[in-house]
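Worksheet: one structure, shown below.
Computed from the coordinates by the stated procedures, all read-outs in this text should not be read as laboratory data. Everything numeric in this text was worked out from a predicted model, so none of it was measured.
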Amino acid sequence: MLVAIGAAVAVLTGLGAGLGIGKATAAAVDAIARQPEAAGKIRTSLLLGCALAEATAIYGFVIGLLIIIMLG
């Protein structure tokens with residue numbers, strides 16, 4: 001039972017990553033709408049931030065799988 005709870009908590013990092021990527025994308029679209037000439041710099045920063053957030057979600061997923069496989 002505790003293994004399932006631990007794995008679920010580890011996988012919840014995907015929720016945080018999804019919310020973070022959504023907020024970052026909304027801010028980037030708003031910034032591009034305000035200053036279209038800065039779209040290249042904004043896009044680069046957005047992609048870097050999204051990649052880091054997605055990596056965090058993948059790490060949480062892998063930890064959840066390891067908890068299930070090793071302890072389950």
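Helix hunt in the chain: which complete DSSP H runs extend at least 30 Å axially by C-alpha with mean Kyte-Doolittle at least 0.0?
13-34, 39-71
Taking mean projected area of the Cα convex hull in nm² as the quantity of interest, determine which of (1) 4.5; (2) 4.7; (3) 3.9 was computed from the displayed structure.
(1)
Defining a contact as two alpha carbons under 8 Å apart and six or more residues distant in sequence, what relative contact order in percent does the chain show?
Relative contact order here is 59 percent.
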